[in-house]
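These notes are about the structure you will find just below.
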Amino acid sequence: MQRMVGDYHDAHSVDCNLVQRRQEDMRTRNSGTCQLGAQKITQCKAAITSALALRREFTVGEGNTIQVLERVEVFKYLGRLLAQDDDDVQAIRNQIRKARGHGRELAKY
């Protein structure tokens, strides 16, 4: 029996191969190695985005009075210390220092 292109058996075998490839792809994506690679790619993209953000300059003013704002590592906003690297260590230390000061005041009574 001669098979023609487009015959049911040809189409069925092509579909089976596609399904099998998709299943293999899913197994690969769920493997630890693939997930680790995906995490590294995500971290690399985040590092690039962060580095590009540090190059950005912020300005104020109009016309001839435009000034570039100074870049600082830590600044106070609404009473809270904010760090350039989004690290809360300095804010936590500042809150602990304030709490100890208030604790000493309360201890006097």
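Within the range 68-80, count every residue that is under 24 Å from ALA47 (Cβ atoms) and part of a strand (DSSP E or B).
2
What are the residue pairs meeting all of these: first residue in the range 81-102, first residue in a helix (DSSP H, G or I) and exposed (fewer than 10 other Cβ atoms within 10 Å of the Cβ), second residue at pLDDT 85 or above and not polar (S, T, N, Q), Cβ atoms under 8 Å, and 6 or more apart or on different chains?
Between residues of the range 81-102 that are in a helix (DSSP H, G or I) and exposed (fewer than 10 other Cβ atoms within 10 Å of the Cβ) and residues that are at pLDDT 85 or above and not polar (S, T, N, Q), there is no close pair.
Of the conditions (1) surrounded by 10 or more Cβ atoms within 10 Å (Cβ to Cβ); (2) modelled with pLDDT of 85 or more, PHE58 satisfies every one except a single condition; which number is it?
For PHE58, the failing item is (1).
The values are calculated or read from the model by the stated rules, or taken from the named source; none is laboratory data. Worth saying up front: this structure is predicted, and the values here are computed from it rather than measured. In this analysis, Cβ positions are derived from the backbone assuming ideal geometry, glycine residues included, and neighbour counts consider all displayed protein chains.
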